[in-house]
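**Student:** One structure, as structure tokens, below. Some questions next.
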Amino acid sequence: LKPKPELTSDPAGAALTGNTVTLTCHMNLSTGWDFYWYKHTPNSETKNTKTNSHRVNIDSVSDGGQYWCRAGRGKPVYYTQYSDALWVNVTVSPKAVVTVRPDERVFKGETVTLRCDIKWGGDTEWTYRWEIEGTSNWYRNSADRCTQECSTSGTDNQKHRNAVSWCLTQELNISSVDHIHSGKYTCTGQKNTQCSQHSDAVTLNVSAEAQAAVRVSPQPWLTEGDSVTLICEVTGSSTGWTFSWFRDDDHLSDSSRGAGGSYTLSPAALQHTGVYTCRAERGRPAYYTKYSNTQPLWITGVSHSVSLVVSPSRSQHFSSDSLSLSCEDHSNSTGWTVRRYTDRNTEDCSKQTGSTCRIVSLSTSDTGVYWCQSESGEKRHPLNITVHDGDVILVSSVDPVIEGDTLTLHCLHRSTNSPILTADFYKDGSLIQNQTTGEMNITTVSKSHEGFYYCKTERGQSLHSWISVR
């Protein structure tokens, strides 16, 4: 009788796209036979081989179906019977997904967890294969080579065939990352010899120690009752941080107001005056950034018992000009001195006589916040003074404008010390008025008129001044 071979497959019965299936045609016969392979119908020969094994690329679901084999020898060829049909069931291979906590952008010393997930029904047990492309082979000492390789096929796996894979757990934990851990991380799931699709690569960037930075909106000098918001940010990162706030180096117990990186004072009160810093943290165990830069806030009271009088009475001044600042106490008490905060230094105003400070020749380093301070440390009437070494300044009220009053702005030139007739005036970066009189008036001022103002002429541009409305 004609012999009948038996056809088997590895893996048996089912396969995932992107892999291969090895068909074996078993015969208890002597050597010298060729083997013939058939797909879908016994009449369509797809391949003949000298050995009884045939590798089939499973590139799509259409590569599944019925397969047969038979053997033959001699001329004319003597064929064995066909084997029984063998079903190869093909399923679309799931794609692995890499997630990273806390973020792809991390900082030296943080704890990082990379996880490989495969969305697949059933209770399939996967082995997780990680491929790490970076500048260091640090992982070679902490992982074992995979003992069984995937039989892969198709373009998705082609670029990974020469990559070095390491069999690890589903989660890859790095307790204290360093620059050597930077690189591209890819994972694949494997069951027996079948592999899932490779995940998209996740690039882990490890930077130096994290730095917090604080800024203020809309501006750091304001009147009691106004609102102000401090914003804390981590340079180059925005994911998963919580924030703590400090005033004059004291931790603020209501830091919960700083959720999301914003700390709002509304309404602002006199006791909120001080120098603010922030710090961020994330992860478990907690990783802390460096403390931020310092940000002073100056809140002046509505009371007019003590006033800081500036002469000339404007917020912007030319370099080399003189300036006089005096604390006037309307309750006839004494002991007030002028202090200032410039370039992060708090100090007494130089050349002070009694409650009056005179600066004979201004320089840009004199730019800062000036206020009156009592012997007991009470702060009153902070004002922002700006010194410009250019040729044009904006002349505006040094004090807040009262609602309903008229706001008058001038554009002043250094050499003439008189208003420039043709000037453009801007608010918050937008042109608001062209003037040929050198003067702009805003009648019946309201809160909506608060903002940063500057002027621009053919001779130059002024610095920005904050105009507040009380």
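**Student:** Give all pairs with beta carbons closer than 6 Å in which a residue from the stretch 315-339 that is without any contact (Cβ under 8 Å) to a residue 60 or more places away in the chain meets a residue that is open to solvent by 30 Å² or more (accessible area, probe 1.4 Å) and of a type in the set (Val, Ile, Thr); count only pairs at least 6 apart in sequence or on separate chains.
**Tutor:** Close Cβ pairs satisfying both conditions: SER322/VAL360; SER326/VAL309; GLU328/VAL309.
**Student:** For ILE58, work out the one condition from (1) in contact with an Asp or Glu (Cβ under 7 Å, 6 or more places away or on another chain); (2) buried (at least 20 other Cβ atoms within 10 Å of the Cβ) it doesn't fulfil.
**Tutor:** (1)
**Student:** Taking into account only those residues within the stretch 435-467 that are within 33 Å of the chain's Cα centre (by Cα) and assigned to a loop (DSSP other than H, G, I, E, B), which is farthest from GLN316 (Cα to Cα)?
**Tutor:** Applying the filter and picking the extreme gives GLU450.
**Student:** For the stretch 131-219, which strands (runs of 3 or more DSSP E) that fit wholly inside it have 1 or more residues that are among the small types (Gly, Ala, Ser) and either modelled with pLDDT of 60 or more or under 30 Å from TRP120 (Cβ atoms) (or both)? If you could, list the steps in order and put the result at the bottom.
**Tutor:** Values: elements: 166-168, 171-174, 183-191, 202-207, 212-217.
Fully inside the stretch 131-219 and qualifying: 183-191, 202-207, 212-217.
**Student:** Now for a separate question. Could you list, in sequence order, the residues of the stretch 86-130 that are farther than 30 Å from THR235 by Cα, in a loop (DSSP other than H, G, I, E, B) and touching a residue at least 60 places away in the same chain (Cβ under 8 Å)?
**Tutor:** Passing the criteria: VAL92, SER93, PRO94, TRP120, THR124, GLU125, TRP126.
**Student:** If you scan the stretch 343-389, which residues turn out to be among the β-branched types (Val, Ile, Thr) and either modelled with pLDDT under 90 or open to solvent by less than 70 Å² (accessible area, probe 1.4 Å) (or both)?
**Tutor:** THR346, THR353, THR356, ILE359, THR367, VAL369, ILE385, THR386, VAL387
**Student:** Within the stretch 22-29, can one find any residue that is in contact with a strand residue (DSSP E or B) (Cβ under 7 Å, 6 or more places away or on another chain), surrounded by 20 or more Cβ atoms within 10 Å (Cβ to Cβ), assigned to a strand (DSSP E or B) and touching a residue at least 40 places away in the same chain (Cβ under 8 Å)?
**Tutor:** yes
**Student:** Filter the stretch 42-55 down to the residues that are out of contact with any Ser or Thr (no Cβ under 8 Å at 6 or more places or on another chain) and touching a residue at least 12 places away in the same chain (Cβ under 8 Å), then identify the one that is most open to solvent (accessible area, probe 1.4 Å). I'd like the intermediate steps shown before the answer.
**Tutor:** Taking the stretch 42-55 first, the residues out of contact with any Ser or Thr (no Cβ under 8 Å at 6 or more places or on another chain) are 42-51.
After this cut, where a residue has to be touching a residue at least 12 places away in the same chain (Cβ under 8 Å) as well, the list is 42, 48-51.
Numbers: PRO42: 43, ASN48: 87, THR49: 24, LYS50: 158, THR51: 80 Å².
Out of the qualifying residues, it is LYS50.
**Student:** Right, next: Run THR51 past the list (1) in a loop (DSSP other than H, G, I, E, B); (2) β-branched (Val, Ile, Thr); (3) in contact with a helix residue (DSSP H, G or I) (Cβ under 8 Å, 6 or more places away or on another chain) and report the number of the one that doesn't hold.
**Tutor:** Condition not satisfied by THR51: (3).
**Student:** Test of understanding: among GLU171, GLU209, which residue is open to solvent by 20 Å² or more (accessible area, probe 1.4 Å) and free of Cβ contacts under 8 Å to residues at least 60 places away in the same chain?
**Tutor:** GLU171
**Student:** Quick one: TRP336 ticks every box in (1) crowded, with 18+ Cβ neighbours inside 10 Å; (2) under 20 Å from PRO220 (Cα atoms) except a single one, so which number is it?
**Tutor:** Among (1) crowded, with 18+ Cβ neighbours inside 10 Å; (2) under 20 Å from PRO220 (Cα atoms), TRP336 violates only (2).
**Student:** Can you find a residue that is under 24 Å from SER374 (Cα atoms) and either touching a Leu at 6+ places or on another chain (Cβ under 8 Å) or at pLDDT below 85 (or both) anywhere in the stretch 256-267?
**Tutor:** So far as the stretch 256-267 goes, no, none of its residues is under 24 Å from SER374 (Cα atoms) and either touching a Leu at 6+ places or on another chain (Cβ under 8 Å) or at pLDDT below 85 (or both).
**Student:** Here is a further query. For residues that are in contact with a helix residue (DSSP H, G or I) (Cβ under 7 Å, 6 or more places away or on another chain) and open to solvent by 70 Å² or more (accessible area, probe 1.4 Å), tally how many sit in the stretch 81-100.
**Tutor:** Of the residues in the stretch 81-100, 1 are in contact with a helix residue (DSSP H, G or I) (Cβ under 7 Å, 6 or more places away or on another chain) and open to solvent by 70 Å² or more (accessible area, probe 1.4 Å).
The values are calculated or read from the model by the stated rules, or taken from the named source; none is laboratory data. Values in this document were obtained by computation on a predicted structure and should not be read as measured data. For neighbour counting, all protein chains shown are included, and Cβ atoms are generated from backbone atoms with ideal geometry for every residue, glycine included. Please note that ligands, DNA and RNA were not included when accessible areas were found on the heavy atoms of the full protein model with its side chains. Shrake-Rupley method; radii C 1.70, N 1.55, O 1.52, S 1.80 Å.
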